[in-house]
Amino acid sequence: MTRGRSGAGAWWRHRREDLLALARQEHPLYVYDAASLDAAAAAVRGLAAVDRSFYAVKANCHPGVLARFRQAGLGFECVSLPELEHLRAHFPDLPGERLLFTPNFAPREEYARAWEMGAWVTLDSLHPFRTWPDLCAGREVFLRLDPGIGRGHHPHVRTAGAQSKFGIAPDELDDAARLAAACGARVVGLHAHTGSGIRTSEAWAETAEFLSAAATRFPGVRILDLGGGLGVPERPSQSRLDLAAVDATLRHFKESHPGLELWLEPGRFLVAAAGVLLARVVQVKSKGDVIFVGLETGMNSLIRPALYGAYHPIVNLTRLDQPATLTAHVVGPICETGDILGRSRRLAPSEEGDVFLIANAGAYGRVMSSWYNLRPPAGERVLEAALSPPL
Ligand SMILES: *Cc1c(COP(=O)(O)O)cnc(C)c1O
């Protein structure tokens, strides 16, 4: 099994010169590698048991990223009306059936607009059936169910269980069927998304089993949407999600449920490894035994380490070929103690002006950035495929 050894063999090692050139033009800067985006999309499209995949736009909504995935034939999963409108603005001719709307606590107007756009719509509570029956009348809907157990890399991303705000509880299914019938809505799909950053291959087949059991109450169900959550290795010791094994368990499920389509909504898996954050060193200081390397940006561009304790590999790209003899905390300039991108990292001795690379930053990076301290977050660029060297 391949392991994500601190970016050994990572795309950015081969594109170092191009990345340094980009960082001279603009910094701090997120860079997304087109070839990696295409490869990840091809891997998802290659899942034989999955009928349709919708990219979860919230992970990274850069238009250049979306364009690659549109090209690859993926649909788009949106959790808000502004996300749907973003897709519409960039791809006015995208058919509505390539849009899937899966919001949580969205206002009535957003559902109305999503249906006008021709998107697939998922309800994650019974409130719409109960209080907007006129809006739901005659619609095909998905219901988001809460399978009761959450999964994922951090409690904040486990999106199931009684304490989570997502989904319809299993004991409300009879009410759901009755209310749907009463307002004339047809439940054509069931959905569950249990969490994010899952690297065990059986998780989606288990979701499929759970949903197919619930589907006995809804005779019109023909689609099971198994959510996203496909994880990528974060720490060097972590193994990759075995996609072939995911596919095998889902094929097995389909053999016993031939009438059901399976859909997926991966976000992180498609973009995480394709993205890096480039930032210059602004100051180096030591306090006692502790050395701090300060970058020009921090949690205002990438909040994952502060929010989830997420681990991102960090290298000094300018001195990539030099031995890592320094141990330092890599920090940003934001006035918060939590503004640490990496603790006790082994690095090449670093100086003001060096370009640092924070890897695995393509998912939930720039989209979660802020203007805190009025420091602008990093810009974004897509790095196109390398030109072949002249003969
Ligand atoms: C966030 C989200 C996803 C994508 O999650 P990843 O972990 O990035 O794959 C998919 N579906 C829903 C409903 C989501 O909220």
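The values are calculated or read from the model by the stated rules, or taken from the named source; none is laboratory data. Please read these numbers as outputs of a predicted model, since none were measured by experiment. Using ideal geometry, Cβ is built from the backbone for each residue, glycine included, and neighbour counts are taken over all protein chains shown. For the accessible areas, the whole protein counts, side chains as well, though only heavy atoms, and no ligand, DNA or RNA atoms are used. Shrake-Rupley method; radii C 1.70, N 1.55, O 1.52, S 1.80 Å.
The table for this structure:
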item	result
Flag for residue 152 being over 30 Å from residue 179 (Cα atoms) and buried (at least 18 other Cβ atoms within 10 Å of the Cβ)	yes
Odd one out for residue 214 among (1) touching a helix residue (DSSP H, G or I) at 6+ places or on another chain (Cβ under 8 Å); (2) within 16 Å of the ligand (Cβ to nearest atom)	(2)
Scope segment 46-63; condition in a helix (DSSP H, G or I) and open to solvent by 60 Å² or more (accessible area, probe 1.4 Å); matching residues	58
Enumeration of residues in segment 325-347 that are in a loop (DSSP other than H, G, I, E, B) and of a type in the set (Ser, Thr, Tyr)	325, 337
Count of residues meeting criterion [small (Gly, Ala, Ser), within 16 Å of the ligand (Cβ to nearest atom) and without any contact (Cβ under 8 Å) to a residue 40 or more places away in the chain] in segment 113-154	1
Some residue of segment 257-265 being within 16 Å of residue 59 (Cα to Cα) and touching a Gly at 6+ places or on another chain (Cβ under 9 Å)	yes
Some residue of segment 67-75 being closer than 29 Å to residue 135 by Cα and under 22 Å from the mean Cα position of the chain (by Cα)	yes
Filtered residues of segment 155-194 (kept if within 16 Å of the ligand (Cβ to nearest atom), among the hydrophobic types (A, V, I, L, M, F, W, C), in a loop (DSSP other than H, G, I, E, B) and open to solvent by less than 20 Å² (accessible area, probe 1.4 Å))	160, 192
Any hit, segment 348-357, residues being polar (S, T, N, Q), outside any loop (DSSP other than H, G, I, E, B) and touching a strand residue (DSSP E or B) at 6+ places or on another chain (Cβ under 7 Å)	no
Only listed residue being farther than 27 Å from residue 341 by Cα, more than 17 Å from the chain's Cα centre (by Cα) and at pLDDT 95 or above, chosen from 169, 192, 162, 176	176
Segment 136-149, subset assigned to a strand (DSSP E or B) and of a type in the set (A, V, I, L, M, F, W, C), residue farthest from residue 181 (Cα to Cα)	145
Helices (runs of 4 or more DSSP H) within segment 218-324 that include 2 or more residues under 28 Å from residue 337 (Cα atoms) and open to solvent by 10 Å² or more (accessible area, probe 1.4 Å)	304-308
Residue identified as within 16 Å of the ligand (Cβ to nearest atom), among the β-branched types (Val, Ile, Thr) and outside the structural domain of residue 157 (by TED's automatic domain parsing) among 331, 367, 315	367
Subset of segment 344-373 (residues that are more than 27 Å from residue 40 (Cα to Cα) and in contact with a Cys (Cβ under 8 Å, 6 or more places away or on another chain))	373
Identity of the residue in segment 221-274, among the polar types (S, T, N, Q) and touching a strand residue (DSSP E or B) at 6+ places or on another chain (Cβ under 9 Å), that ends up nearest to the ligand (Cβ to nearest atom)	238
